[in-house]
Amino acid sequence: HAQQVEVTIAPVHTSKMQIVSTITSSLPPSLPGLAGGAFTAYQILATAVSYKGETSADSRVQYSKFATNANAVGADETGPTWPSQVGMLVIYTPALIASVVLLKLGTLPAETLSLPFSIPPPSPAAVFCAFHFAKRVCEVLVVHKYSGRVDRTTPSFVGFYYAVVAVLIGFVSDPNPSATAFQVGKILFGIGLAGNFYHHRLLAKLRSDSTGGGEKKYVAPKGGLLNHVAAPHYLFELIGWLGVAIVANHLNVYLVFTAMCSYLAGRSLAQNEFNQKKFSNDEWPETRKNLVPFIF
């Protein structure tokens, strides 16, 4: 009887192991070693908690219109703050520099670099990443209109994180993705880039000052997908990051995308709540979604 039980259990155990092995082997590669596992765990944690963090005013990342601490009544403008435009440049410029430097070094012969590690050749995902951050820096300089200030800690931390993302993508992405992955990723990245820029332009045009005294004035956003959701620029940014992840074909780049989804979904909800408090129901209907038209 004991042998019969053993015979019936062993195939079940083997089958479970085969399923786990099949799932594991079908996943994209991930960072190796203990440090790689720790970084992967951090990305999974960021995906799990970022949404909740951004839906709470107490834990929300303090920049843009949500930089309430640096712009509170009585805050010292000569203290540890930057003008908002400077803060946004600190967020995006390090990642742009890291992307461009890695792309350039990747084209040089290894023997000319004399580095203790090898620089991978430029990958399509790394090129997309550089384009993304170059676009963001250009928008900060010539598209967006800024007012107020931001504490120095927040942009510095976010800028460091984005630089790490740029280095990660530069080192781990597939330099020769399949033709299908490249075409799908390229299309998604292009749609994301164009849609994000278009809605940034719409939002920039809506910023205005009253004629009397220069007091900040908010205008209900409209046009494009702004008629359906509070943050279409976030939606298109996520579409672009999905394109990067598909072309990169690496688990940790997919986790960059999932963490971005969690973070921007929470921030879009906060944006929608801000608009509902700021504008009348005629200007901003309560039924308007946060990020994805008709869904969320």
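The values are calculated or read from the model by the stated rules, or taken from the named source; none is laboratory data. Note that this is a predicted model, so its numbers are computed, not measured. Cβ coordinates were reconstructed from backbone atoms using ideal geometry, including for glycine residues, and neighbour counts include every protein chain displayed. Accessible surface is based on the protein model in full, side chains and every heavy atom, while ligands, DNA and RNA are left aside. Shrake-Rupley method; radii C 1.70, N 1.55, O 1.52, S 1.80 Å.
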Prolate/oblate/rounded label for the range 171-278 (Cα gyration tensor, a/c 1.5): prolate
Ranked order, T81, T112 - accessible area, probe 1.4 Å, largest first: T112, T81
Chymotrypsin sites (Phe, Trp or Tyr not before Pro) lying in DSSP loop within the range 101-172, provided at most 12 other Cβ fall within 10 Å: F117
Accessible-area order (highest first, 1.4 angstrom probe) of the listed residues C138, C261, C129: C138, C261, C129
